[in-house]
Each structure stands twice: as structure tokens, then as C-alpha cells.
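Colleague: Quick one: this structure, given as C-alpha cells, is what I'll be asking you about.
The values are calculated or read from the model by the stated rules, or taken from the named source; none is laboratory data. All values reported here derive from a predicted model rather than from experimental measurement. Quick reminder, even Gly has a Cβ in these numbers, built from the backbone with ideal geometry, and neighbours come from all protein chains shown. Note: areas computed on protein heavy atoms with side chains; ligands, DNA, RNA excluded. Shrake-Rupley method; radii C 1.70, N 1.55, O 1.52, S 1.80 Å.
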Amino acid sequence: GVLPDSWSSLSKLQGLDLSNNKVSGDLPASWGALANLQAMDLQGNQLTGTVPAAWSGMVALDAFSVANN
């Protein structure tokens, strides 16, 4: 499947691991609203495109991986 824009409303989310889940498509710009997100692992999927500039709003993000996409 694809990464849903609606997850941008999960304002208290601190960690997200969707590694090796066959997720496809682009990274949602709306996720830039996830200001409390500290770690995100999206490696081993089928994602395309670039990291959206709107993700600069993820001020707590310390660990991020999109390897092997």
C-alpha cells in the first residue's frame, strides 16, 4: 500500500517502523506535522521520490532510514 496522509494527525507519535512492508509511492509531505516523531524506519520498501521539504517540521527526528528503496 501507500503511506496515508491521514497519519499526519498522529501528533503524539514518537516512533514508526514500517521496514520491509512493501510500502510504495512517495513520502507524504503532510507528515511534516509529526513534530514529536523521534525515529522512523522505512527501509526495505518500494518508496520513490525525495524527502519533502515540509519534513523540516519534524524537529525531534533523530533516527531516519529509507535504505534499500
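Colleague: So in the stretch 23-47, with the set limited to residues that are open to solvent by 30 Å² or more (accessible area, probe 1.4 Å) and assigned to a loop (DSSP other than H, G, I, E, B), which one is nearest to residue 2 (Cα to Cα)? Step through it out loud before you land on a result.
Modeller: Going residue by residue through the stretch 23-47, those that are open to solvent by 30 Å² or more (accessible area, probe 1.4 Å) are 24, 26, 29-30, 33, 35-36, 38-39, 41, 43, 46.
Then drop every residue that is not assigned to a loop (DSSP other than H, G, I, E, B), which leaves 35-36, 38, 43.
Values: 35: 21, 36: 22, 38: 21, 43: 14 Å.
Going through the qualifying residues, I end up with 43.
Colleague: Look through the stretch 11-21, keep the residues that are open to solvent by 80 Å² or more (accessible area, probe 1.4 Å) and in a loop (DSSP other than H, G, I, E, B), and return whichever of them is nearest to residue 68 (Cα to Cα). Explain how you work it out, then say what you get.
Modeller: Here is the first cut: in the stretch 11-21, the ones open to solvent by 80 Å² or more (accessible area, probe 1.4 Å) are 12, 14, 17, 20-21.
This time we only want the ones that are in a loop (DSSP other than H, G, I, E, B), so: 12, 14, 20-21.
Values: 12: 28, 14: 23, 20: 9, 21: 12 Å.
The qualifying residue nearest to residue 68 (Cα to Cα) is 20.
Colleague: Then there is this: Please state which of the following conditions residue 51 fails to meet, knowing it meets all the rest: (1) closer than 14 Å to residue 66 by Cα; (2) in contact with a helix residue (DSSP H, G or I) (Cβ under 6 Å, 6 or more places away or on another chain); (3) hydrophobic (A, V, I, L, M, F, W, C).
Modeller: Looking at each condition in turn, residue 51 falls short on (2).
Colleague: Just checking, does the stretch 56-66 include any residue being touching a strand residue (DSSP E or B) at 6+ places or on another chain (Cβ under 6 Å) and among the aromatic types (Phe, Trp, Tyr)?
Modeller: Looking through the stretch 56-66, at least one residue is touching a strand residue (DSSP E or B) at 6+ places or on another chain (Cβ under 6 Å) and among the aromatic types (Phe, Trp, Tyr).
Colleague: Hey, can you tell me all the residues within the stretch 48-69 that are free of Cβ contacts under 8 Å to residues at least 40 places away in the same chain and not in a loop (DSSP other than H, G, I, E, B)?
Modeller: Within the stretch 48-69, 48, 53, 54, 55, 56, 57, 63, 64 meet the criteria.
Colleague: Within the stretch 8-26, can you find the residues that are in contact with a Ser or Thr (Cβ under 8 Å, 6 or more places away or on another chain) and without any contact (Cβ under 8 Å) to a residue 40 or more places away in the chain? If you could, list the steps in order and put the result at the bottom.
Modeller: Taking the stretch 8-26 first, the residues in contact with a Ser or Thr (Cβ under 8 Å, 6 or more places away or on another chain) are 8, 19, 24-26.
Those that are in contact with a Ser or Thr (Cβ under 8 Å, 6 or more places away or on another chain) and without any contact (Cβ under 8 Å) to a residue 40 or more places away in the chain: 8, 24, 25, 26.
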